[in-house]
Amino acid sequence: MTRASKAVTDSRANLPFVYRQYSAAQLREVLYKMYLIRRFEEGAEECYTRGLIHGTMHLSIGQEASAMGICMPLAQDDQITSTHRGHGHCIAKGAEVKRMFAEFFGKTTGYCKGRGGSMHIADVGKGNLGANGIVGGGIPIAVGAALSAKMMKTGKVVVSFFGDGANNEGAFHEALNMAAIWKLPVIFVCENNGYGMSTSTARSTAVKNIAERAAAYSMPGVIVNGNIFSEVAEASHQAVARARAGEGPTLIESKTYRHRGHSKSDRNRYRTKEEIEDWMSNRDPITLFESELREFGFIDNKGIEAIRDAVAQEIADGIEFAKASPSPDVRDTGNYVYTEQA
Amino acid sequence: MDAMVRELSYAQAIQEAMAIAMDMDERVFLMGEDIGVYGGAFQVTGDLVERFGTERVIDTPISELGGAGVAVGAALTGMRPIFEFQFSDFATLAMEQIVNQAAKIRFMLGGEVSVPVVMRFPAGSGTGAAAQHSQSLEAWLGHVPGLKVIQPATPYDAKGMLLAAVADPDPVMIFEHKLLYKMKGPVPEGYYTVPIGKADIRREGRDLTVVATSIMVQKALDAAVVLEAEGIDVEVVDLRTIRPMDKQTVIDSVKKTSRLMCVYEAVKTLGIGAEVSAMIAESEAFDYLDAPIVRLGGAETPIPYNPELEKATVPQIPDIITAARDLVRGAR
Ligand SMILES: Cc1ncc(C[n+]2csc(CCOP(=O)(O)OP(=O)(O)O)c2C)c(N)n1
Ligand SMILES: [Mg+2]
């Protein structure tokens, strides 16, 4: 990322990290993308309710700052592995919403040609190696990608996103240990939204903070407020620098909250309305970022309106694109099981 | 006096069986992910936590290997756990404890112990959940001596076979098709068991034996109605248990009809159809066959997300009708 010019940097000396690090245009782009994630998921939810999308989906509404902050210092070549709650990661890493919608509609123009759907959304071209239907499934894969980067000397770093629930899978522990002993360029990002489905971290996890588990694998464990874009981006920035320098992995715990239920069939019986309401009205990551941008003079109300309008247009166009796209031919059911060879 | 019979869904029948087992025997308890206040991903445990408390309806962390192993250890030492996998696909994470431990401990220790664990696996496709949440892996476990593997196809059997599984001294794996959970059927109140290892002739017929499992039983019965109108009389055998398999019922049926078709959702090759076919080929029923055996199974592909593709990967009623017609009329 290009740094803001020296003069501008000085005038921002007392501002939080991202306002010193990035240009106004870049920061407005971040706001655009945070809205894009939110409206994409709202759009997908509405299409689901109207029966245009089938299956189920896991919405990350409320977690946008986490996805954006972590991906901020990543280059296009850097890679991520994502989760069942992966729409935000996918957009943050550079995916086009029209091809994501097309995937959700099961169309050939979708990122997975209609084979994967929401739970397997990916954008390999932009370095997103895929969401995952298996909790914790992507963590060792990220370590493998980091091993490739090291062996092939590509200079890439790899981010593995996962939830608080995933940190109780064996795969998490085995993967962190290997990343540490081989000093691999990988960043483990635990998006702790307080619950794995209905089970709170207090009931599922022996440590209070998941970042504490980093100590067991001799890597830095960092806790950030996942709803504050600047905090997340700063931690990611440091972890990326460490990984690129060959110093090994970092575990970042990004504390956040999902506003929606776990999936489309959640009755929210394990948490209170007040708790949800509190996070929605007082700690919404987009509202928080927007007011900082306004306060520090990076954007005004007109600018925000313009972003919202442009996002709405991109979403509407994306849904139209998906609707107009062709469905796969049922005779092609056997495609992609093995690599086609000439 | 006969027990009162009500219409229950398959899920309700399982829940009732678990409640009865827990009422009857203090050693019975439930473990699984989100089976407490959430009620289970498919609402099978429902409100049981309110009745039996969190000591006996235990939400585990998302730790399938460890969780299944804890259930095995508890079973080994006197308890009677019923362990729910949230989706049967996650059995893959627990294979070590299921295959190397639960199935073999009794044998390896020369019969000194047994492992009376019950594991439940919501299985199958049809929900748009894509490749990692739609598999039918029962034949994997059916390949392991030491395990018993059942696939009840009706609410009645779901309750009776679960109660039989809890009473069984050895590990019993129950594969429950997710699309069956809402299916309704008559279920008597109170305790009864349906034996593990016994197939059920769900419809008698002269022209063709269809051996089906799980959700394919109902599809075969529906196909049989259409075929009857065309003068093809189908016998539908619900296998119910895939290990140990009830060979005699299938052999006797084939001897009567002289034709065999196997219908199951799992990937066609190297599965239940291969086993049933080979078993018939090895038996006295072989000489009675008037036509080659037919297998209708899942396509050789992971389950796709797109709904039309998803349907095309598993046998549907029209596929059964066409295949049966060809088989009986000699098109094959
Ligand atoms: C191995 C495995 N176990 C269970 C599930 C079912 N499941 C899907 S998401 C989920 C909760 C995951 O919680 P967390 O890791 O905190 O992520 P979040 O959903 O909160 O983003 C569960 C239990 C699964 N997909 N894979
Ligand atoms: Mg979580």
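Does the range A:171-193 hold any residues that are near ligand 1 (Cβ under 10 Å from one of its atoms) and either open to solvent by 20 Å² or more (accessible area, probe 1.4 Å) or basic (Lys, Arg) (or both), and which are they? So that I can check it myself, show each step before the final result.
Taking the range A:171-193 first, the residues near ligand 1 (Cβ under 10 Å from one of its atoms) are A:171-172, A:190-193.
Hit for the range A:171-193 is A:Ala171, nothing else.
Based on this model, can you work out whether B:Ile242 counts as crowded, with 24+ Cβ neighbours inside 10 Å and assigned by TED's automatic domain parsing to the domain that holds B:Pro315? Working first, answer last.
Values: crowded, with 24+ Cβ neighbours inside 10 Å: yes; assigned by TED's automatic domain parsing to the domain that holds B:Pro315: yes.
When the stated conditions are applied, B:Ile242 passes them.
Might you let me know whether the range B:112-123 holds any residue that is touching a residue at least 40 places away in the same chain (Cβ under 8 Å), closer than 29 Å to A:Ser263 by Cα and within 14 Å of chain A (Cβ to nearest Cβ)? Spell out the reasoning first.
Step one: of the range B:112-123, the residues touching a residue at least 40 places away in the same chain (Cβ under 8 Å) are B:114-123.
Add one more test, that the residue is closer than 29 Å to A:Ser263 by Cα, and what stays is B:118-123.
So of that shortlist, the ones also within 14 Å of chain A (Cβ to nearest Cβ) come out as B:122.
Scanning the range B:112-123, I find at least one residue that is touching a residue at least 40 places away in the same chain (Cβ under 8 Å), closer than 29 Å to A:Ser263 by Cα and within 14 Å of chain A (Cβ to nearest Cβ), so the answer is yes.
Could you check how many residues of the range A:50-71 are away from ligand 2 (no atom under 16 Å from the Cβ), of a type outside the set (Gly, Ala, Ser) and surrounded by 23 or more Cβ atoms within 10 Å (Cβ to Cβ)?
Of the residues in that region, 3 qualify.
Select from the range A:193-216 the residues that are away from chain B (no Cβ under 12 Å) and either of a type in the set (Lys, Arg) or touching a Phe, Trp or Tyr at 6+ places or on another chain (Cβ under 9 Å) (or both) and list them in ascending order.
Those that are away from chain B (no Cβ under 12 Å) and either of a type in the set (Lys, Arg) or touching a Phe, Trp or Tyr at 6+ places or on another chain (Cβ under 9 Å) (or both): A:Asn193, A:Gly194, A:Lys208, A:Arg213, A:Ala214.
Taking the options B:Val250, B:Val211, name whichever one is within 16 Å of the chain's Cα centre (by Cα) and open to solvent by less than 10 Å² (accessible area, probe 1.4 Å).
B:Val211
Would you call A:Gly144 closer than 30 Å to B:Val37 by Cα and modelled with pLDDT of 95 or more?
no
Considering the range A:246-260 alone, what residues qualify as being part of a loop (DSSP other than H, G, I, E, B) and either under 30 Å from A:Asn177 (Cβ atoms) or within 12 Å of ligand 2 (Cβ to nearest atom) (or both)? Full working, then the answer.
Filtering the range A:246-260 for residues part of a loop (DSSP other than H, G, I, E, B) gives A:246-249, A:256-260.
Hits for the range A:246-260 are A:Gly246, A:Glu247, A:Gly248, A:Pro249, A:Thr256, A:Tyr257, A:Arg258.
Among the residues of the range B:225-267, what is the count of those that are of a type in the set (Gly, Ala, Ser) and in contact (Cβ under 8 Å) with a residue 60 or more places away in the chain?
First pass over the range B:225-267, keeping only residues of a type in the set (Gly, Ala, Ser): B:229, B:231, B:253, B:258, B:266.
Filter once more, keeping what is in contact (Cβ under 8 Å) with a residue 60 or more places away in the chain: B:266.
Selection size over the range B:225-267: 1.
Name, by its number, the condition in (1) within 14 Å of another protein chain (Cβ to nearest Cβ); (2) polar (S, T, N, Q); (3) closer than 22 Å to A:Asp78 by Cβ that does not hold for A:Thr272.
(3)
Can you find, within the range A:111-160, the residue that is farthest from A:Ser325 (Cα to Cα) among those that are more than 16 Å from ligand 1 (Cβ to nearest atom) and within 14 Å of chain B (Cβ to nearest Cβ)?
In the first step, residues of the range A:111-160 are kept if they are more than 16 Å from ligand 1 (Cβ to nearest atom); the result is A:111-115, A:122-129, A:143-158.
Adding the requirement that they be within 14 Å of chain B (Cβ to nearest Cβ) leaves A:111-115, A:122.
On the way: A:Tyr111: 12, A:Cys112: 13, A:Lys113: 11, A:Gly114: 11, A:Arg115: 14, A:Ala122: 18 Å.
Across the range A:111-160, the extreme among qualifying residues is A:Ala122.
Identify all residues within the range B:274-314 that are hydrophobic (A, V, I, L, M, F, W, C) and either in a loop (DSSP other than H, G, I, E, B) or farther than 30 Å from A:Tyr338 by Cα (or both); write none if there are none. Explain how you work it out, then say what you get.
First pass over the range B:274-314, keeping only residues hydrophobic (A, V, I, L, M, F, W, C): B:274, B:276, B:278-281, B:285-286, B:289, B:291, B:293-294, B:296, B:299, B:303, B:309, B:312, B:314.
Within the range B:274-314, B:Met279, B:Ile280, B:Ala281, B:Ala285, B:Phe286, B:Leu289, B:Ala291, B:Ile293, B:Ala299, B:Ile303, B:Val314 qualify.
Can you report the number of residues in the range A:241-268 which are open to solvent by 30 Å² or more (accessible area, probe 1.4 Å) and modelled with pLDDT of 95 or more? Even if it seems obvious, please write down each step before you answer.
Filtering the range A:241-268 for residues open to solvent by 30 Å² or more (accessible area, probe 1.4 Å) gives A:241-242, A:244-247, A:255, A:260, A:264-265, A:267-268.
This time we only want the ones that are modelled with pLDDT of 95 or more, so: A:241-242, A:244-247, A:255, A:260.
Going through the range A:241-268 one residue at a time, the tally reaches 8.
Do you know which residues across the range A:191-241 are more than 16 Å from ligand 2 (Cβ to nearest atom) and aromatic (Phe, Trp, Tyr)?
Correct list: A:Tyr217, A:Phe229.
Looking at (1) of a type in the set (A, V, I, L, M, F, W, C); (2) within 22 Å of B:Gln12 (Cα to Cα); (3) in a helix (DSSP H, G or I), can you tell me which one B:Ile82 breaks?
(3)
Among the candidates A:Ile139, A:Ile134, single out the residue that is in a loop (DSSP other than H, G, I, E, B) and not basic (Lys, Arg).
Answer to the check: A:Ile134.
Out of the range A:194-212, which residues are in contact with a strand residue (DSSP E or B) (Cβ under 7 Å, 6 or more places away or on another chain) and within 16 Å of ligand 1 (Cβ to nearest atom)?
A:Gly194, A:Gly196, A:Thr199, A:Thr201, A:Arg203, A:Ser204, A:Asn209, A:Ile210, A:Ala211, listed by residue number.
Looking at B:Asp233, is it open to solvent by 20 Å² or more (accessible area, probe 1.4 Å) and touching a helix residue (DSSP H, G or I) at 6+ places or on another chain (Cβ under 9 Å)?
On the way: open to solvent by 20 Å² or more (accessible area, probe 1.4 Å): yes; touching a helix residue (DSSP H, G or I) at 6+ places or on another chain (Cβ under 9 Å): yes.
It is true that B:Asp233 is open to solvent by 20 Å² or more (accessible area, probe 1.4 Å) and touching a helix residue (DSSP H, G or I) at 6+ places or on another chain (Cβ under 9 Å).
Here are some conditions: (1) of a type outside the set (A, V, I, L, M, F, W, C); (2) open to solvent by 30 Å² or more (accessible area, probe 1.4 Å); (3) within 22 Å of the chain's Cα centre (by Cα); (4) within 12 Å of another protein chain (Cβ to nearest Cβ). B:Asp89 meets all but one. Which one does it not meet?
Tallying (1) of a type outside the set (A, V, I, L, M, F, W, C); (2) open to solvent by 30 Å² or more (accessible area, probe 1.4 Å); (3) within 22 Å of the chain's Cα centre (by Cα); (4) within 12 Å of another protein chain (Cβ to nearest Cβ), B:Asp89 fails exactly one: (2).
Mind listing just one residue for me: the one in the range B:295-332 that is of a type in the set (S, T, N, Q) and closer than 19 Å to B:Met261 by Cβ and, of those, surrounded by the most Cβ atoms within 10 Å (Cβ to Cβ)? Before the answer, list the steps.
Initially, the range B:295-332 is screened for residues of a type in the set (S, T, N, Q), giving B:301, B:306, B:313, B:316, B:322.
Subset that is closer than 19 Å to B:Met261 by Cβ: B:313, B:316, B:322.
On the way: B:Thr313: 20, B:Gln316: 14, B:Thr322: 14.
Among them, the one singled out is B:Thr313.
Please tell me if B:Gly205 is surrounded by fewer than 19 Cβ atoms within 10 Å (Cβ to Cβ) and of a type outside the set (Val, Ile, Thr). Give the steps one after another, and end with the answer.
Details: surrounded by fewer than 19 Cβ atoms within 10 Å (Cβ to Cβ): no; of a type outside the set (Val, Ile, Thr): yes.
So B:Gly205 does not fit the description; no.
Over 18 Å from the mean Cα position of the chain (by Cα), in a helix (DSSP H, G or I), over 28 Å from A:Arg271 (Cβ atoms) and within 14 Å of chain A (Cβ to nearest Cβ), is that true of B:Gly73? Let's see the steps before the verdict.
Values: over 18 Å from the mean Cα position of the chain (by Cα): yes; in a helix (DSSP H, G or I): yes; over 28 Å from A:Arg271 (Cβ atoms): yes; within 14 Å of chain A (Cβ to nearest Cβ): no.
No; evaluated as a whole, the condition is false for this residue.
Looking at the range B:47-54, can you tell me whether even one residue there is crowded, with 22+ Cβ neighbours inside 10 Å and either out of contact with any Gly (no Cβ under 7 Å at 6 or more places or on another chain) or in a strand (DSSP E or B) (or both)?
Our first condition is that a residue be crowded, with 22+ Cβ neighbours inside 10 Å; within the range B:47-54, this holds for none.
No, there is no match, as no residue in the range B:47-54 is crowded, with 22+ Cβ neighbours inside 10 Å and either out of contact with any Gly (no Cβ under 7 Å at 6 or more places or on another chain) or in a strand (DSSP E or B) (or both).
Would you be able to say whether some residue in the range B:152-162 is open to solvent by 10 Å² or more (accessible area, probe 1.4 Å) and outside the structural domain of B:Thr322 (by TED's automatic domain parsing)?
Taking the range B:152-162 first, the residues open to solvent by 10 Å² or more (accessible area, probe 1.4 Å) are B:154, B:156.
Adding the requirement that they be outside the structural domain of B:Thr322 (by TED's automatic domain parsing) leaves B:154, B:156.
So far as the range B:152-162 goes, yes, one or more of its residues are open to solvent by 10 Å² or more (accessible area, probe 1.4 Å) and outside the structural domain of B:Thr322 (by TED's automatic domain parsing).
Quick check on the range B:187-204. Is at least one of its residues among the acidic types (Asp, Glu), over 30 Å from B:Ile232 (Cβ atoms) and in contact (Cβ under 8 Å) with a residue 12 or more places away in the chain? Full working, then the answer.
First pass over the range B:187-204, keeping only residues among the acidic types (Asp, Glu): B:189, B:200, B:204.
If we keep only those that are over 30 Å from B:Ile232 (Cβ atoms) too, we end up with B:189.
Subset that is in contact (Cβ under 8 Å) with a residue 12 or more places away in the chain: B:189.
Yes, the conditions are met somewhere in the range B:187-204.
Which residues, taken from the range B:124-141, are open to solvent by 30 Å² or more (accessible area, probe 1.4 Å), more than 9 Å from chain A (Cβ to nearest Cβ) and more than 17 Å from B:Met95 (Cβ to Cβ)?
Hit for the range B:124-141 is B:Gly126, nothing else.
Residues in the range A:79-87: is at least one surrounded by fewer than 17 Cβ atoms within 10 Å (Cβ to Cβ), more than 16 Å from ligand 2 (Cβ to nearest atom) and not in a helix (DSSP H, G or I)?
No: zero hits.
Testing A:Glu103 on (1) within 11 Å of chain B (Cβ to nearest Cβ); (2) assigned to a loop (DSSP other than H, G, I, E, B), one condition comes back false. Which one is that?
(2)
The values are calculated or read from the model by the stated rules, or taken from the named source; none is laboratory data. Everything numeric here is computed off the predicted structure, so don't read it as measured data. Every residue, glycine among them, receives a Cβ derived from its backbone with ideal geometry; neighbour counts consider all protein chains shown. Please note that ligands, DNA and RNA were not included when accessible areas were found on the heavy atoms of the full protein model with its side chains. Shrake-Rupley method; radii C 1.70, N 1.55, O 1.52, S 1.80 Å.
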